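Undergrad: To start, I am sharing the structure in question, which I have written as structure tokens.
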Amino acid sequence: MNMSKMSKNMNKSKTMNKNMNKNNIYIETYGCQMNFADTELVMGILKHQGYELAQDIEDANVILLNTCSIRDNAEQKIYNRLEHLKGIKRNNPGTVIGILGCMAERLRKNLIEEKKVVDLVVGPDEYRRLPEFIDTAFAGEKGIGVKLSRTETYDDIIPYREDGLNAWISVMRGCDKFCTFCVVPFTRGRERSRSLDSIVSEIKQLSERGFREVTLLGQNVNSYSDNGSAAGGDFADLLAASALVDRSLRIRFTTSHPQDLSDKLLHTIAEHPNICNYIHLPVQSGSNRILELMNRTYTIEHYLDLIERARKIIPSVSFSTDIIAGFPTETIEDHLMTLDVMQKVRYDGAYMFKYSPREGTKAFAMDDDVPDEAKAKRLNDIIELQQKISFEINQQQIGTEEIILVEGPSKKSDDFLSGRTDSNKVTVFPRHEEIKVGDYVKVKINRATSATLFGGLVNDKL
Ligand code: SAH
Ligand code: SF4
Ligand code: F3S
């Protein structure tokens, strides 16, 4: 998953001066897409309760940080941010500052005790109670809500989304996999799925509002299961039902765990033209010994076999992955096996990380014995190899024609438009008056870097 930090503006309309309105709320979101989707849920809950959403942090009297705990540097970012927010609070002592998300769950009351600037700490399963906590904070009391739930899916909450092209939909919450390095099962609790019916009706509404792409989210979407409703079904059923809502709506999904990816799912992707032929399939390591220590529950042989089956069933499928460098006891040989698996699979893209010990996980009890320089060197090898592979794969695209969903002007110049291929590659091509955001166009690729494809419009009508 994309771990980039982004802040979220919450309201298009002008908000009132904070002295005039007690409840101007501003949220910053960090971490994975699940957190971004949760921020929309939180905004839905708060809007419903009559809170105003502030455009700028300066206009807000409630500042919420939706946080991530996945690696130490994710948490350090929040600590730095809290230092900055101290200044805001000094100028406006009435400002309420709250921590949501995974750090709320991991650090709980420590956050309030150690970081005096924090007024409320609310974990991912307690967002319904957020208005209550905010009111308490205004009354001068600190509040903590960090109970995890086995059933909360926020199925009935309508997320607050600005108009756009791509919408994120959490189809399940939590994770039961307990990979030994990972905090998510502790910060997000047990795995539970939303109902298929409610997801499909949300997709219908999004399609009517003009969205052109939805991404179904879960830590392990392959274990999605709706046993409750009449429609019922597993993740393949959910994907098929989602794809049928609107054939011009692209369906993406993330993340798949290699243990649970079924042939039925692969066939479903192949059968529906609007389900993108792109699978994010984290491998983590190329060494079976390390995979076992990580409790990943598959071997490299199983993984490679899965890749081969997927390529047979969906000939144009592409893959991305997550890789961790320097897990405890990882040797140079283990590391070379990771490079080897990258060469065998040839991923289109990868998210690559240095191992970061997380208190409370099983791996935390193992000695973090790979020195930081070795981790950095290995990570660098991995990144270099991936860049080379991405570059080569993109060179092979030259001369091919791709269907692009147009997203807007390119980052570097308004004379160019940018969009994505089915396999999620950013593609840049010259602007054309008749082409609008949300259109599908055919582009012939004539140049490529490791990150971007460039091309010209093909004049066929789509
Ligand atoms: N549910 C997804 C990913 C969740 S976290 C999955 O199963 O793959 C995203 C990625 O962060 C993980 O795939 C892993 O590569 C990385 N990650 C998780 N914990 C980490 C840690 N302690 N140190 C370094 N990377 C970690
Ligand atoms: Fe973490 Fe593993 Fe669950 Fe992914 S599958 S969220 S890595 S425990
Ligand atoms: Fe996501 Fe970070 Fe939590 S990756 S699930 S926000 S720990």
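Undergrad: Could you tell me whether any residue of region 345-355 is surrounded by 19 or more Cβ atoms within 10 Å (Cβ to Cβ) and hydroxyl-bearing (Ser, Thr, Tyr)?
TA: Checked region 345-355: at least one residue is surrounded by 19 or more Cβ atoms within 10 Å (Cβ to Cβ) and hydroxyl-bearing (Ser, Thr, Tyr).
Undergrad: For region 150-157, state whether one or more residues are in the same structural domain as LEU53 (by TED's automatic domain parsing), open to solvent by 50 Å² or more (accessible area, probe 1.4 Å) and at pLDDT below 95.
TA: There is no residue in region 150-157 that is in the same structural domain as LEU53 (by TED's automatic domain parsing), open to solvent by 50 Å² or more (accessible area, probe 1.4 Å) and at pLDDT below 95.
Undergrad: Would you be able to say whether some residue in region 405-414 is of a type in the set (Ser, Thr, Tyr), in a strand (DSSP E or B) and surrounded by 14 or more Cβ atoms within 10 Å (Cβ to Cβ)?
TA: If we filter region 405-414 for residues that are of a type in the set (Ser, Thr, Tyr), which is where we start, we get 410, 413.
If we keep only those that are in a strand (DSSP E or B) as well, we get none.
Checked against the condition, which is being of a type in the set (Ser, Thr, Tyr), in a strand (DSSP E or B) and surrounded by 14 or more Cβ atoms within 10 Å (Cβ to Cβ), region 405-414 yields no hits at all.
Undergrad: Consider region 58-96. How many of its residues are more than 24 Å from the chain's Cα centre (by Cα), of a type in the set (Val, Ile, Thr) and assigned to a helix (DSSP H, G or I)? Lay out the reasoning, then the answer.
TA: Going through region 58-96, the residues more than 24 Å from the chain's Cα centre (by Cα) turn out to be 58-62, 83-96.
Subsequent filtering for residues that are of a type in the set (Val, Ile, Thr) retains 62, 88, 95-96.
Adding the requirement that they be assigned to a helix (DSSP H, G or I) leaves 88.
The qualifying residues number 1.
Undergrad: Within region 255-270, is even one residue part of a loop (DSSP other than H, G, I, E, B), more than 16 Å from ligand 1 (Cβ to nearest atom) and touching a residue at least 24 places away in the same chain (Cβ under 8 Å)? So that I can check it myself, show each step before the final result.
TA: As a first pass, look at region 255-270 and keep what is part of a loop (DSSP other than H, G, I, E, B): 255-262.
Checking which are more than 16 Å from ligand 1 (Cβ to nearest atom) leaves us with 262.
Subsequent filtering for residues that are touching a residue at least 24 places away in the same chain (Cβ under 8 Å) retains 262.
Yes, region 255-270 has at least one match.
Undergrad: Here is a follow-up. Any residue at all in region 339-359 that is within 16 Å of ligand 2 (Cβ to nearest atom), in a helix (DSSP H, G or I), farther than 20 Å from ILE383 by Cβ and out of contact with any Leu (no Cβ under 6 Å at 6 or more places or on another chain)? Talk me through it step by step, then tell me what you get.
TA: Within region 339-359, the subset within 16 Å of ligand 2 (Cβ to nearest atom) is 350-359.
From what is left, the residues that are in a helix (DSSP H, G or I) are none.
The answer is no, given that none of the residues of region 339-359 is within 16 Å of ligand 2 (Cβ to nearest atom), in a helix (DSSP H, G or I), farther than 20 Å from ILE383 by Cβ and out of contact with any Leu (no Cβ under 6 Å at 6 or more places or on another chain).
Undergrad: Filter region 194-228 for residues that are part of a strand (DSSP E or B) and within 16 Å of ligand 3 (Cβ to nearest atom); which is surrounded by the fewest Cβ atoms within 10 Å (Cβ to Cβ)?
TA: Once the filter is applied, the top-ranked residue is THR215.
Undergrad: What are the residues in region 235-278 that are touching a His at 6+ places or on another chain (Cβ under 9 Å) and either open to solvent by 40 Å² or more (accessible area, probe 1.4 Å) or within 16 Å of ligand 2 (Cβ to nearest atom) (or both), if any?
TA: LEU244, ARG247, PHE253, THR254, THR255, SER256, PRO258, GLN259 - these are the residues of region 235-278 that are touching a His at 6+ places or on another chain (Cβ under 9 Å) and either open to solvent by 40 Å² or more (accessible area, probe 1.4 Å) or within 16 Å of ligand 2 (Cβ to nearest atom) (or both).
Undergrad: What number of residues within region 64-90 satisfy the criterion of being farther than 16 Å from VAL183 by Cβ and surrounded by 22 or more Cβ atoms within 10 Å (Cβ to Cβ)?
TA: Here is the first cut: in region 64-90, the residues farther than 16 Å from VAL183 by Cβ are 64-65, 79-90.
The next check asks that each one be surrounded by 22 or more Cβ atoms within 10 Å (Cβ to Cβ); those that pass are 64-65.
Residues meeting the conditions: 2.
Undergrad: Residues in region 111-118: is at least one open to solvent by less than 10 Å² (accessible area, probe 1.4 Å) and among the charged types (D, E, K, R)?
TA: no
The values are calculated or read from the model by the stated rules, or taken from the named source; none is laboratory data. Quantities reported herein were computed from a predicted structural model and do not represent experimental measurements. Cβ atoms come from the backbone with ideal geometry, glycine included; neighbour counts cover every protein chain shown. Heavy atoms of the whole protein, side chains included, go into the accessibility calculation; ligands, DNA and RNA do not. Shrake-Rupley method; radii C 1.70, N 1.55, O 1.52, S 1.80 Å.
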